[in-house]
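Scroll down for the structure; my scribbles are underneath it.
We did not get these values from a lab; they are worked out from the coordinates using the rules stated. In this text the structure is predicted, and so the values were computed from the model without any measurement. Every residue, glycine among them, receives a Cβ derived from its backbone with ideal geometry; neighbour counts consider all protein chains shown.
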Amino acid sequence: MKKLTALLCVLLLSGTMFAQTLNLEQVRLMALANSRSLAKYELSIRSSILDEKNQLYAMLPSVSAGYSASASYLQDWKFVNPVDTLKAGATLSISQVIFQGGKSFIQKAISSIATESIRKDALAEYFNVLDAADNAYYAVLEAGAALEAEEASLKAAELSLAIAEIRSINGMINQGDYLKAQADKEARENSRNQARRNVTLNIARLKNLTGITDTLEIEQIDFNSYEKLLSRLSSVTDEEADTLYEALWRLLAASNPSLEKAALSSQRAEKNLSLALRDLSPTVKATFSTGLNYSASNGFSTPSQGDISITGSIPLDFWVFTNKVEKSKIARSSAALDYTNAEISLGIDLQNALLNTLAQAGSVLSSGRTLQYMETHFEYTMERYRLSQSSVSDMSEATSLFLNSRNNYNKAAYGFLQSLSKLRSLCAIEDEEKLFSLLLEN
């Protein structure tokens, strides 16, 4: 969080953050800095560290002081000066647990595990925020691309209607074709308006995520930089996919925060069992105490130089001990099952994310080729329509095919980027280049 704050300050001090187009890295940074969930986790970590210190302090000597004072105003049924009967005393006591069966150290270890578990939760939330930033960023770009496609489609419909109107005046087409051209133009204008609404909504979501209040402009994604990766992933065989999965799983097993938290839960359950087994251990405590007295008649006096006492206790409620140990064993078994379930669930998630990435890569290339074909088909139909060799229906159909092809390509392209973000989060990889290298080399 400190690094995020420092980087955000650099952006703010530049004075041009909102005047320039924001890229994906800047949006990620701002989303992390604006995340209230991450800020809450930071507070939880600080609180847990204080709990650790409390466990440490419990192992240190306990010091306490006491005092008392009294005075009388009536003696033998006679009033006296209270100052003459003043008595006061003060005591100082220091206690230290000498032996407790190692329970204090185990409790300290449990507190440390609790702090580390919160850190793993914070790391998981860190990647969740990155995913949310990526998805919001891509959603704005995809909505913008859809709006561009709808604008182009509307212009084509307006041109088609203008030509149809001229031909209708000259009696070259029937009224039905002219009405169809009008209807097509109205439908595409409505779709354009819906696309504008989607752009506005997605920008609002991105602003809410990043905390931006000014006009938001974001940088386009250079898909040419993904050309090599797309080509590689689209041609992966089943054997190569298995190799990729194994390489990614090794990364996930080593650094995924959810799996690490499950492992920490198993460790904590083991420590709790160890703590329960020490409940019958004797407790030995040493106490040193001294005091000072004062009275108006005798002045200051010390009844003794100091007393040292050693006390010990051994619990004998075996039925409570047995019940607690059995319950701790059940909790340990449950934690082991949770870890196994986490492994299985993450394995399925990783396999699904990898297969989705491979499928999206192939979809990007195939939809890109389809888009090229449909663009050529649209231009060919448009030229024929101008020459009165194609009908209004042909023109409308070609426009729809071209529009759908553009939207399918955009959906596949941004879906591919989102799948990469999912892989990054599952494997807890901050450096995207490391992920790309792994996907290219395996």
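Worth pointing out:
- Percentage relative contact order, the chain, counting C-alpha pairs under 8 Å, at least six apart: 23 percent
- What the pair-distance distribution of the range 235-354 shows, using all Cα-Cα distances binned every 10 Å from zero, is 11, 21, 16, 14, 13, 11, 7, 4, 2, 1, 0 percent.
- Positive minus negative residues near ALA412 (Lys, Arg vs Asp, Glu; Cβ under 12 Å): +2
- With eigenvalues of the C-alpha gyration tensor scaled by 5 and rooted, the range 284-442, Å: 82, 24, 16
- Among ASN54, ASN23, LEU38 - extreme Cα towards positive end, dipole of the range 23-62, charges at beta-carbon: ASN23
- Per-residue Cβ neighbour counts within 10 Å put SER191, SER235 in the sequence SER235, SER191, beginning with the fewest.
- When the alpha carbon coordinates of the range 168-217 are projected onto the principal axes, the ranges are 58, 14, 9 Å, largest first.
- 3J(HN,Hα) couplings calculated from phi for the range 130-139 with the Karplus curve 6.51 cos²θ - 1.76 cosθ + 1.60 (θ = phi - 60°) are, in sequence order, 4, 4, 4, 5, 4, 4, 5, 5, 5, 5 Hz; Gly and Pro show x.
- Candidate cross-link partners of LYS155 among the lysines, defined by an alpha-carbon separation under 30 Å and a same-chain spacing of 8 or more, comprise LYS180, LYS185, LYS411.
- Counting only lysines at least 8 places from LYS261 when in the same chain, those with an alpha carbon closer than 17 Å to its own are LYS120, LYS271.
- In this calculation the C-beta distance from LYS155 to ASP338 is compared with R0 = 45 Å, giving a FRET efficiency of 0.20.
- Hydrodynamic radius by Kirkwood, which averages 1/r over all alpha carbon pairs of the range 19-66, in angstrom: 14.4 Å
- Dipole magnitude for the chain: computed about the Cα centre from +1 point charges on Lys and Arg Cβ and -1 point charges on Asp and Glu Cβ, it is near 1720 debye.
- Cα centroids of the range 169-223 and the range 393-407: 15 Å apart.
- Each principal axis of the Cα atoms in the chain has its own extent, and those three values, largest first, are 134, 60, 41 angstrom.
- Cα-based radius of gyration for the range 192-237, normalised by 2.2 N^0.38 Å, reads 1.74.
- With contacts taken as Cα pairs under 8 Å and at least 6 residues apart, the range 228-364 reaches a relative contact order of 38 percent.
- Dimensions of the range 310-361 along the principal axes, based on C-alpha atoms and rounded to the nearest Å, stand at 73, 25, 7, largest first.
- Rg/Rh ratio calculated on Cα atoms of the range 210-297 (Kirkwood radius): 1.47
- Cα long-axis angle, helix 24-34 against the chain (0 to 90 degrees, to the nearest 10): 30 degrees
- The helix-only estimate of mean residue ellipticity at 222 nm for the chain, built from DSSP H runs of length n ≥ 4 each weighted as -39500 (n - 2.57), is -25500 deg cm²/dmol after division by the residue total.
- Which of SER405, ALA353, PRO282, positive extreme of dipole for the chain (C-beta unit charges): PRO282
- Against the main long axis of the alpha-carbon atoms of the chain, helix 392-426 sits at an angle near 20°.
- Volume per residue of the C-alpha convex hull in the range 368-442, rounded to whole Å³: 92 Å³
- Treating each Cα of the range 30-113 as one equal point scatterer and applying the Debye formula with no solvent, the log10 of I(q)/I(0) at q = 0.11, 0.17, 0.18, 0.20 Å⁻¹ comes out as -0.63, -0.85, -0.89, -0.97.
- Between the range 133-164 and the range 260-289, the alpha-carbon center distance in angstrom: 64 Å
- Overall dimensions of the range 139-266 by Cα: Rg and Dmax, Å: 25.1, 84
- Whole-Hz couplings from phi, Karplus 6.51/-1.76/1.60, listed for the range 167-175; x for Gly and Pro: 5, 5, 5, 7, x, 8, 9, 7, 5
- 3J(HN,Hα) couplings calculated from phi for the range 54-65 with the Karplus curve 6.51 cos²θ - 1.76 cosθ + 1.60 (θ = phi - 60°) are, in sequence order, 4, 5, 5, 5, 5, 7, 8, x, 9, 10, 9, 10 Hz; Gly and Pro show x.
- Residues ASP307, ASP431, ranked from the fewest to the most other C-beta atoms within 10 Å, line up as ASP431, ASP307.
- Cβ-based exposure ranking for LYS228, LYS285, in which fewest neighbours within 10 Å come first: LYS228, LYS285
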